[in-house]
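A.B. asks: Have a look at the structure that comes next, please.
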Amino acid sequence: MNKKEKQVRENIIKACLTLEKKGLNQGKAGNISVRWKDGMLITPSGVSYEGMKAKDIVFVDNNGKYQGIWKPSSEWIFHLDILKNRKEFNVVVHNHPAYGSGMSILRKDIKPYHYMIGFMGGDTIKCSTFAPPGTKELSKAALKALKDRKACLLANHGTISCGKDLEEAMFLTEEFEILCKQITIARINGKPKLVESKYMKLIVEAIKSYGKY
């Protein structure tokens, strides 16, 4: 393990601890992967983030063969498939946040209740069909829900957020949960209104150049 790889592994662990600190994940749930060489580095299966070391992160090649002390996360299949099929992504974050997971139980796409949904890649956030955790079926469902998007709901499960780097993926992960919380609050207090389609189109297009010169 060279210095660069060690840093990537440590950054994955820091991101996992951040998710827990911000209440976006808990216990041993959730997983993070980062594209690395001819595969990815991913959190191990069934290991608590507290006390996790760089050596505990697992490397999985593009053929699904892994190297490490532990087995890779039980959800390694959809992590690998997303990175193989979506070259613009280098990071995949999967978590079980309270509001996002709650929305996933409804098995409905999230409509444009807030303009920030545009940061997820479109004017809606799609919800996948249900498939058992850790299966190829779940991977296929996730890829379909992520089509033209950076994030999606996994039915009766949780959320996925993807990005070009950890910073973007973590930003989307946190924003995703905030959106789900806001929508839940709005529904408690009344009937939420949608941002008009013509405005969402403008917003989605404007976001493509957000933060760029």
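A.B. asks: In sequence order, what are the phi-derived ³J(HN,Hα) couplings for region 46-63 according to the Karplus relation 6.51 cos²θ - 1.76 cosθ + 1.60 with θ = phi - 60°, rounded to whole Hz, with x for glycine and proline?
C.D. replies: Going residue by residue, I get x, 10, 5, 5, 5, x, 5, 10, 3, 5, 7, 5, 9, 9, 10, 7, 5, 9 Hz, with x marking Gly and Pro.
A.B. asks: Step through the table entries 22/144; 22/147; 84/201; 126/181; 22/55; 28/140, compare each Cα-Cα distance with 20 Å, and write down the pairs that go over it. Each step should come with its number before you reach the end.
C.D. replies: Numbers: 22/144 29 Å; 22/147 28 Å; 84/201 29 Å; 126/181 17 Å; 22/55 25 Å; 28/140 24 Å.
In this structure, 22/144; 22/147; 84/201; 22/55; 28/140 exceed 20 Å between Cα atoms.
A.B. asks: Only Cα pairs under 8 Å and at least 6 apart count here; give the relative contact order of the chain as a rounded whole percent.
C.D. replies: 19
A.B. asks: Please sort by residue number the trypsin sites (Lys or Arg not before Pro) in region 10-46 whose DSSP state is loop and whose Cβ has at most 10 other Cβ atoms within 10 Å. Show your work: numbers first, answer last.
C.D. replies: Details: sites: 14, 21, 22, 28, 35, 37; in loops: 22, 28, 37.
Sparse-neighbourhood loop trypsin sites (Lys or Arg not before Pro): 37.
A.B. asks: Using the Cα centre as the reference, give the magnitude of the dipole from point charges on the C-beta atoms of region 166-213 (Lys, Arg: +1; Asp, Glu: -1; all else neutral), rounded to the nearest 20 debye.
C.D. replies: 400
A.B. asks: What list of ³J(HN,Hα) values in whole Hz, one per residue of region 199-208 in order, does the Karplus curve 6.51 cos²θ - 1.76 cosθ + 1.60 (θ = phi - 60°) give from phi, with Gly and Pro shown as x?
C.D. replies: 7, 5, 4, 5, 5, 4, 5, 5, 5, 4
A.B. asks: For region 130-143, what does the Karplus curve 6.51 cos²θ - 1.76 cosθ + 1.60, with θ = phi - 60°, yield as ³J(HN,Hα) per residue in whole Hz, taken in order and with x for Gly and Pro?
C.D. replies: 7, 8, x, x, x, 9, 5, 4, 5, 4, 4, 5, 5, 4
A.B. asks: What size of dipole, in debye to the nearest 20, comes out for the chain about its Cα centre when the only charges are +1 on Lys and Arg C-beta atoms and -1 on Asp and Glu C-beta atoms?
C.D. replies: 240
A.B. asks: If you line up the Cα atoms of region 134-180 on their principal axes, what length do they span on each, largest first, in Å?
C.D. replies: 28, 22, 19 Å, listed from the longest principal axis down.
A.B. asks: Report the Stokes-Einstein translational diffusion coefficient (µm² s⁻¹, integer) for the chain, Rh taken as the Kirkwood radius over Cα pairs, at 37 °C with viscosity 0.692 mPa s.
C.D. replies: Once the numbers are plugged in, D ends up at 189 µm²/s.
A.B. asks: In whole angstrom, how long is each semi-axis of the equivalent ellipsoid of region 1-108, when you take the square root of 5 times every eigenvalue of its Cα gyration tensor and sort them from largest down?
C.D. replies: Equivalent ellipsoid of region 1-108: 22, 17, 12 Å, largest first.
A.B. asks: Region 1-40: which GluC sites (Glu not before Pro) are DSSP loop and have at most 13 other beta-carbon atoms within 10 angstrom? Display every interim value, and only then the final one.
C.D. replies: Values: sites: 5, 10, 20; in loops: none.
For GluC sites (Glu not before Pro) across region 1-40 that sit outside H, G, I, E and B with at most 13 neighbouring Cβ atoms in 10 Å, the list is empty.
A.B. asks: Residue farthest toward the positive end of the dipole of region 1-101, with Cβ of Lys/Arg at +1 and Asp/Glu at -1: which of 82, 25, 13?
C.D. replies: Of 82, 25, 13, it is 13.
A.B. asks: Based on the mean of other beta carbon atoms within 10 Å per residue, what is the order of 173-179, 157-163, 97-103, most packed first?
C.D. replies: Details: 173-179: 22.6, 157-163: 24.7, 97-103: 20.6.
Going from most to least packed, we get 157-163, 173-179, 97-103.
A.B. asks: Going highest first, how would you order 118-128, 40-50, 55-65 by mean Cβ packing within 10 Å?
C.D. replies: The peptides rank, most packed first, as 118-128, 40-50, 55-65.
A.B. asks: Now for a different question. Ignoring everything except DSSP H segments at least 4 long, calculate the 222 nm mean residue ellipticity for the chain; use -39,500 (n - 2.57) per segment, divide by total residues, nearest 500.
C.D. replies: Helices in the chain give a 222 nm mean residue ellipticity of -12500 deg cm²/dmol.
Computed from the coordinates by the stated procedures, all read-outs in this text should not be read as laboratory data. Note that the coordinates shown come from a computational prediction; the quantities given were computed from them, not determined experimentally. Cβ coordinates were reconstructed from backbone atoms using ideal geometry, including for glycine residues, and neighbour counts include every protein chain displayed.
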